[in-house]
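*Asks:* Please read through the structure below; I'll follow up with questions.
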Amino acid sequence: MKAVIYARVSSACSDRQDTERQVVDLKKYARSNNIEVVNTFEDYQSGAKPNAERWVLKECIAFCKIQKNKVDCILMSEVSRLGRDIWEMIGLIKNIHDHHINVYFQRENLYMFDSEGKDNPLFAMMFAVFSRFAETERLFIKERLQSGYKLFREKGGQVGRKNGTVKTIETLEKEYAKTLKELRNGTSIRRTAKLTDVSIATVTRLKKKFGL
């Protein structure tokens with residue numbers, strides 16, 4: 001069996017160890033189950049983003065759909081890595097299912113298709129439940145952050161950049177010259193991030209800001 005790994009953490013997370021842990025654990029699982037990992041996709045973006053804006057996930061699914069790549073399965077550490085919006089997640093999983101690409105969530109030990117390629121009768125129900133948990137957890141996190149920001153402001157704190165620190169287009173051009181050059185040459189976001197040692201979230205913002 002051939003598989004790809006999709007690992008994700010929120011763009012708000014600065015600790016790259018999170019995706020590394022996911023990748024290490026999934027590669028260990030793959031080795032113990034005689035699964036060949038042919039590609040790894042690491043995403044640094046909120047799971048609440050619309051599917052259309054999730055470039056790395058789109059790249060991952062597109063790679064799996066290419067027949068010559070012969071990908072059988074997408075490995076993820078848990079359901080919440082796919083996303084945190086239940087309706088977006090259902091749309092994603094249906095798209096993957098329709099192309100008969102299997103999905104495995106390690107934490108939940110959940111496969112979409114069984115070893116014979118047949119639908120797992122429990123998958124739809126379990127996926128819906130875990131998706132709802134993921135979405136609810138996101139809402140709780142959002143509420144806690146908003147509460148923390150409110151308390152911080154009430155105590156005189158300032159949220160966001162300090163006055164005068166907004167970077168101009170000219171500054172960005174100089175600071176990210178190599179990154180912008182790769183994007184203008186048509187290099188993918190993920191590849192650009194690797195080549196220029198810049199986070200995928202930053203490359204995505206630059207691509208959007210400069211209309212590339």
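The values are calculated or read from the model by the stated rules, or taken from the named source; none is laboratory data. Predicted model only: the values in this text are computed from it and were never measured. With ideal geometry, Cβ positions are generated from the backbone for all residues, glycine too; neighbour counts draw on all protein chains shown.
*Asks:* ASP85 - would you say it is of a type outside the set (S, T, N, Q), farther than 30 Å from GLU116 by Cβ and in contact with a Leu (Cβ under 7 Å, 6 or more places away or on another chain)? Reasoning before the result, please.
*Replies:* Values: of a type outside the set (S, T, N, Q): yes; farther than 30 Å from GLU116 by Cβ: yes; in contact with a Leu (Cβ under 7 Å, 6 or more places away or on another chain): no.
So ASP85 fails the test.
*Asks:* Restrict the check to the range 171-182 and report whether at least one residue is aliphatic (A, V, I, L, M) and either closer than 28 Å to ARG81 by Cβ or modelled with pLDDT under 80 (or both).
*Replies:* To start, the set of residues in the range 171-182 that are aliphatic (A, V, I, L, M) comprises 172, 177, 180.
From what's left, either closer than 28 Å to ARG81 by Cβ or modelled with pLDDT under 80 (or both): none.
Looking through the range 171-182, none of the residues is aliphatic (A, V, I, L, M) and either closer than 28 Å to ARG81 by Cβ or modelled with pLDDT under 80 (or both).
*Asks:* Turning to a different aspect of this structure: If you check PHE105 against the conditions, is it within 25 Å of ASP18 (Cα to Cα) and in contact with a Leu (Cβ under 9 Å, 6 or more places away or on another chain)?
*Replies:* Working: within 25 Å of ASP18 (Cα to Cα): yes; in contact with a Leu (Cβ under 9 Å, 6 or more places away or on another chain): yes.
Here the answer is yes, as PHE105 does meet what is asked.
*Asks:* Can you report the number of residues in the range 23-37 which are of a type in the set (Ser, Thr, Tyr) and either under 12 Å from TYR104 (Cα atoms) or not assigned by TED's automatic domain parsing to the domain that holds ASN109 (or both)? Don't jump to the end; show me each part of the working.
*Replies:* First, the residues of the range 23-37 that are of a type in the set (Ser, Thr, Tyr): 29, 32.
Applying the additional criterion that residues be either under 12 Å from TYR104 (Cα atoms) or not assigned by TED's automatic domain parsing to the domain that holds ASN109 (or both) yields 29.
Matching residues across the range 23-37 total 1.
*Asks:* Can you name the residue in the range 67-85 that is of a type in the set (A, V, I, L, M, F, W, C) and under 15 Å from the mean Cα position of the chain (by Cα) and is also nearest to LEU122 (Cα to Cα) among such residues?
*Replies:* Residues of the range 67-85 that are of a type in the set (A, V, I, L, M, F, W, C), as a first pass: 71, 73-76, 79, 82.
Subset that is under 15 Å from the mean Cα position of the chain (by Cα): 74-76, 79, 82.
On the way: ILE74: 18, LEU75: 18, MET76: 18, VAL79: 15, LEU82: 18 Å.
Across the range 67-85, the extreme among qualifying residues is VAL79.
*Asks:* If you don't mind, another one. Hey, PHE113 hits all of (1) aromatic (Phe, Trp, Tyr); (2) within 14 Å of TYR6 (Cα to Cα); (3) over 15 Å from the mean Cα position of the chain (by Cα) but one; which does it fall short on?
*Replies:* Failed condition: (2).
*Asks:* In the range 38-80, what residues are closer than 13 Å to TYR104 by Cα and either of a type in the set (S, T, N, Q) or outside the structural domain of TYR104 (by TED's automatic domain parsing) (or both)?
*Replies:* The answer is SER77, SER80.
*Asks:* Starting from residues that are of a type in the set (Val, Ile, Thr) and at pLDDT 95 or above, keep the ones in the range 97-145 and report whichever is surrounded by the fewest Cβ atoms within 10 Å (Cβ to Cβ). Working first, answer last.
*Replies:* Narrowing the range 97-145 to residues of a type in the set (Val, Ile, Thr): 101, 103, 129, 136, 141.
Those still in the list that are at pLDDT 95 or above too: 101, 103.
Values: ILE101: 19, VAL103: 24.
Among those residues, the one meeting the criterion is ILE101.
*Asks:* Would you point out which residue out of GLY156, GLY164, GLY148, GLY91 is assigned to a helix (DSSP H, G or I), small (Gly, Ala, Ser) and modelled with pLDDT under 85? Walk me through how you get there before you give the answer.
*Replies:* Details: GLY156 fails: assigned to a helix (DSSP H, G or I); GLY164 fails: assigned to a helix (DSSP H, G or I); GLY91 fails: modelled with pLDDT under 85.
From the options GLY156, GLY164, GLY148, GLY91, the qualifying one is GLY148.
Yes or no, residue by residue, for (1) without any contact (Cβ under 8 Å) to a residue 40 or more places away in the chain; (2) in a helix (DSSP H, G or I); (3) farther than 17 Å from ALA30 by Cβ:
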residue	(1), (2), (3)
SER80	no, yes, yes
ASN95	yes, yes, yes
GLY117	yes, no, yes
PHE130	no, yes, yes
